[in-house]
Amino acid sequence: MTNAELAAHIAELADLMALDGADAYRVSHYRKAATALRRFHHPLAGMIRAGTDLSTVPGIGKGLATLLADLVRQGSSPRLDEYRTRIPAEVVALMRLDGVGATRARTLRDAGVDSVAKLEAALVSREIPGLDGFGPGVVSRLKRGLEARGVLRRSSLLFRADRAAERVIEVLVKSDIEFRIAGEVRRRTETVTTVDVVCAAPADALPDLAAGIPGIRTKGSRGDNPLLLILDGVRIRLVAAPWQLLEAIAHHLTGPPEYLEALATRASERGLELTPAGIAGSAGAGTHRAAGREGAGPGARAIRAAATEAASAGATATEATATEADLYNALALPWIAPELREDATTIERAKAGLPSLVTHGNIRGDLHMHTTWSDGAATLDRMAEASVSRGYRYIAITDHSPSTRVTGGLDGPALRLQSAEIARVQNGLPDIHILRGCEVDILPNGSLDIEDEFLAELDLVLVSVHSSFEMPEARMTDRIIRALENPFVHILCHPTGRKLGRRPPYPVDLDEVLRAAAALDVAVEINANPRRLDLDWRGLRLCGELGVMVVASSDAHSVASLDNMRYGVDQARRGWLRPDQILNAATLAGLREWTARRRT
């Protein structure tokens, strides 16, 4: 059991204790302990198995040491299990809704509203406003949070879909099965309904392949093609196809339907036919015409028909398009990256030429990360060293300012103290340049919660909205633009404040904010935390059109979350952005030139 897993159990215990009405001091103690465990440098499980007495470690104590030993040696803890028995999981889910917390969850439970489903029903019947602590603002926040949560009832966050896909891929690689990833995962959409994997294998072999995936649930029987699987709540569609058609069928499954319909129209205009098996002959005379009639969308019947027909006909590259490159060549189009495939407008834009999209290899640094100086799980040293190992040439340390109320939020004097540590770490790491920064809170009136005299000393100033999400759109828009007008501000972070599945964007006129950013020469962030992905691809495309510089940032709060960067690059590509439009794809000299220009 990893330190992060142990910390998660302790954090869960703290939540359960809070719901049970435990003393606030004890709850706080366990929450702080969970944070400390996440930050602990050495594997706690190994120490416990080696007989180390963890009660001697500051901040742990005998009770917590016993609990940790139980978790490592037995996989569970009697104390934690007792709380789980007493506090229903549905009540815990209530507590974790945006705007609820332990106190309001207890109020709801005592009123008989002890599940998310009952809360939704109570909001519809307007029974909630009479409860203590549930004024109009809280009710509005709850409704918006439940609306955001509803998006994930039939889909999964991209990072969860990736994890599921990786476990399927491990089995296919071990089995020496050629495959292609398709669908929304390939397009890198923020949420994924189904993970599509196309395999060069007979349909009868799919159940045996699936059986080798730990934790898999199969929804179907031998011979089904596609075969539907469920892994950690993620839907997976395993498709059998002849190896000659892997790319063509993967292209079809990648979709989306509106995009395929536009391609089919273009094919028809050229006397061709787009089918799930590729491009076929002339319209009305193609080898795979029957499959083509269903080819407008990535349906199971169309895939089944294409695979079956191709297998029986012994399809070759002369009968159907064998690769995506062949398909696009036949349609007189450049190959279109999966991230750009949206609808007919993509085809129209592609006719005029496609941009050279940014790649992960273009990223030279990470300009948004947190350390133990605020709410990060790793020290400044560890974050810098981990950034060196990822090949970055520069980073910015951007711990929170005080108003976010996170542990150790830094005011001006504290930032000056941190600068001494940055200098010390910098001396030991000549291969990377460490910039002094801060993620500064935008207060409700648009001012910043750190004085200009301290901001002027920083290399990089990031600003974010972390509170008062319910204000009207006009006020929120003015609030953000006022902050951007501060001459020391460089980057606007997570511009819409959304958290996928938890909180929708706050009301804001994004078009007006981005136009102000363009006029003021302020960059805008793609927050690569996979629970945010903010801005989304639509906003990023507008940034490109307006000439707003974009920063792809990990918003890392741990060493592992530095790898969030890949999700930021994915969204930049979906927004049609080139490397020269991404600030942290610039050299250090280019970055410094840009930041200096902002203050002149």
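Give the calculated FRET efficiency between Ile230 and Tyr25 to the nearest 0.05, with a Förster radius of 30 Å applied to their Cβ-Cβ distance.
My answer for the efficiency is 0.10.
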Discussion item. With just the Cα atoms defining each centre, how far is region 345-418 from region 49-100? Give it in Å.
Written reply: 32
Worksheet item: Using the per-residue mean of other Cβ atoms lying within 10 Å as a proxy for protection, in what order, highest first, do the peptides 251-258, 27-34 fall?
Response: 251-258, 27-34
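What's the FRET efficiency of Ser467 with Thr345 using the Cβ-Cβ distance as r and R₀ = 25 Å, to the nearest 0.05?
According to the calculation, E is roughly 0.10.
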Fill in: Separation of the Thr107 and Asp580 label points, Cα + 7 Å toward Cβ, nm
5.6
Practice prompt. For region 267-278, just list the computed ³J(HN,Hα) in residue order, Karplus coefficients 6.51, -1.76 and 1.60, θ = phi - 60°, integers in Hz, with x standing in for Gly and Pro.
Written response: 4, 4, 5, 9, x, 10, 9, 8, 10, x, 8, x
Worksheet item: What length, rounded to one decimal in nm, is gained on full extension from Gln74 through to Ala211, with 0.36 nm per residue of separation minus their alpha-carbon distance?
Response: 46.6 nm
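What accessible area per residue, rounded to a whole number of Å², is obtained for the chain using a probe radius of 1.4 Å?
Working: 25020 Å² over 600 residues.
I get 42 Å² per residue for the chain.
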Discussion item. Among 557-563, 348-354, how do they line up by average Cβ neighbours within 10 Å per residue, starting with the highest?
Written reply: 557-563, 348-354
Worksheet item: So what's the net charge close to Ile395: Lys and Arg +1, Asp and Glu -1, counting the other residues with Cβ under 13 Å from its Cβ?
Response: -2
Worksheet item: With axes computed from alpha carbons, what is the tilt in degrees of helix 101-110 against the longest principal axis of the chain, rounded to the nearest 10 within 0 to 90?
Response: 80
Worksheet item: R0 = 45 Å: FRET efficiency of Arg482 with His41, Cβ-based, nearest 0.05?
Response: 0.60
Worksheet, complete the sentence: Between Asp204 and Arg390, the two model label points (7 Å from Cα along the beta-carbon direction) sit apart by a distance in nm of 4.8
Worksheet item: Full extension from Arg515 to Asn427: what is 0.36 nm times the residue separation minus their Cα-Cα distance, to one decimal in nm?
Response: 27.6 nm
Practice prompt. Take a quick pass over the chain and tell me how many lysine pairs come in under 26 angstrom between Cα atoms, counting only ones 8 or more apart or on separate chains.
Written response: 6
Worksheet item: Tell me, what % of the accessible area of the chain is carbon and sulfur with a 1.4 angstrom probe?
Response: 51
Worksheet item: Using a simple spin-label model with points 7 Å from Cα along the Cα→Cβ vector, what separation in nm is obtained for Arg163 and Lys143?
Response: 3.4
Practice prompt. Counting helices only, and only those DSSP H runs with n ≥ 4, report the 222 nm mean residue ellipticity of the chain as the sum of -39,500 (n - 2.57) divided by its residues, in deg cm²/dmol to the nearest 500.
Written response: -13500 deg cm²/dmol
Fill in: Unit charges on C-beta of K, R, D, E only; dipole of region 38-160, Debye
380
Practice prompt. State the label only: which of (i) 30.2; (ii) 36.5; (iii) 26.0 corresponds to mean projected area of the Cα convex hull in nm² computed from the shown model?
Written response: (i)
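The values are calculated or read from the model by the stated rules, or taken from the named source; none is laboratory data. In this text, all values refer to a predicted model and were calculated from it rather than measured experimentally. So basically every Cβ, Gly included, is an ideal-geometry build from the backbone, and we count neighbours across all protein chains shown. Note: accessible area is taken over every heavy atom of the protein model, side chains too, but ligands, DNA and RNA are not part of it. Shrake-Rupley method; radii C 1.70, N 1.55, O 1.52, S 1.80 Å.
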